[in-house]
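Starting off with a structure, shown below.
The values are calculated or read from the model by the stated rules, or taken from the named source; none is laboratory data. The structure displayed is predicted, hence computed values, not measured ones. Note: ideal-geometry Cβ built from the backbone for every residue, glycine included; neighbour counts use all protein chains shown. We work out accessible area using only protein heavy atoms, side chains counted, and drop any ligands, DNA or RNA first. Shrake-Rupley method; radii C 1.70, N 1.55, O 1.52, S 1.80 Å.
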Amino acid sequence: KILLKIQEKAGNILFVDQKGFLVGKYEKLWDIYPFPETIRAFEEAKKKGSSFFEAEVRGKFLRIKIFKIERSLYLVQVEDVSCEKTLEKKKKEIVSTISHEIKTPL
């Protein structure tokens, strides 16, 4: 019950059991985030203790991190990194433009 209250307030934090079901619900993590990387990252977290991947959903970029808390409980943190990705793209554009201008003689 405590985990469900934390999950409801946090929004971007989910708790998952060792089979991939959200705690207190009959939904699996990969039903909410239907990417091949979701299952791969979950299996990796089961073996190594943590994992992450990034995915694009309707123009938004998400970074999903999975951490093993105890033997049969995992914490899943979902971050919106759209601003970070946009900034990264703009930086590459600026560097590319400057590089081109420096190489091109007047």
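Can you tell me the orientation of helix 36-48 relative to the chain, as the angle in degrees between its alpha-carbon axis and the longest Cα principal axis, to the nearest 10?
The angle comes out near 70 degrees.
Just need the Rg to Rh number for the chain, please, alpha carbons only, Kirkwood Rh.
1.19
Within a Cβ distance under 14 Å of THR97, other residues only, what is the Lys/Arg minus Asp/Glu net charge? Could you put the intermediate results ahead of the total?
Working: positive: LYS89, LYS90, LYS91, LYS92, LYS103; negative: GLU93, GLU101.
Residues close to THR97 contribute a combined charge of +3.
A further question follows. Compute the accessible area per residue over the chain, keeping the other protein chains in place, probe 1.4 Å, unit Å². All intermediate terms of the calculation are to be shown ahead of the outcome.
On the way: 7820 Å² over 106 residues.
Each residue of the chain exposes 74 Å² on average to a 1.4 Å probe.
I'd like the accessible area for GLU44, computed on protein heavy atoms only with a 1.4 Å probe and all protein chains in place. Round to 10 Å², please.
It works out to around 60 Å².
Just from its helices, what would the mean residue ellipticity at 222 nm be for the chain, if runs of 4 or more DSSP H residues each count -39500 (n - 2.57) and the sum is divided by every residue, rounded to the nearest 500 deg cm²/dmol? Please report the intermediate quantities before stating the final value.
Values: 4 runs with 48 residues, N = 106.
The helix contribution divided over the chain gives -14000 deg cm²/dmol.
I need the calculated FRET efficiency for the pair GLU44 and ASP80, taking r as the beta carbon distance and R₀ as 30 Å, to the nearest 0.05.
0.85
So which trypsin sites (Lys or Arg not before Pro) in the stretch 34-106 are both in a DSSP loop and have at most 12 other Cβ atoms within 10 Å of their Cβ?
Hits after loop and neighbour filter: ARG58, ARG71.
When only C-alpha pairs under 8 Å and at least 6 residues apart count, what is the relative contact order of the chain, in percent?
21 percent
Can you work out the FRET efficiency for the pair ASN12 and GLU101, with r the C-beta to C-beta distance and R0 = 35 Å, to the nearest 0.05?
For R0 = 35 Å, the calculated efficiency reads 0.30.
From the cross-link list LYS25/LYS47; LYS65/LYS92; LYS19/LYS48; LYS25/LYS48; LYS48/LYS89, which pairs have alpha carbons spaced over 21 Å apart?
Violating the 21 Å Cα-Cα cut-off are LYS25/LYS47; LYS65/LYS92; LYS25/LYS48; LYS48/LYS89.
To the nearest 10 Å², what's ASP31's accessible area with a 1.4 Å probe?
Only protein atoms counted, so the area is about 100 Å².
How much net charge surrounds GLU88 when only the other residues with a Cβ under 14 Å from the Cβ of GLU88 are counted, with Lys and Arg +1 and Asp and Glu -1?
Values: positive: ARG63, LYS85, LYS89, LYS90, LYS91, LYS92; negative: GLU54, GLU56, GLU84, GLU93.
The answer is +2.
Suppose the chain between SER72 and PHE21 were pulled fully straight at 0.36 nm per residue; how much longer would it get relative to their current alpha carbon spacing? All intermediate terms of the calculation are to be shown ahead of the outcome.
Numbers: separation 51, 0.36 × 51 = 18.36 nm, distance 1.09 nm.
So the extension gain works out to 17.3 nm.
If you don't mind, another one. Assigning unit charges at the beta carbon (Lys, Arg +1; Asp, Glu -1) and nothing else, what dipole magnitude in debye, to the nearest 20, does the chain show about its Cα centre?
240 debye
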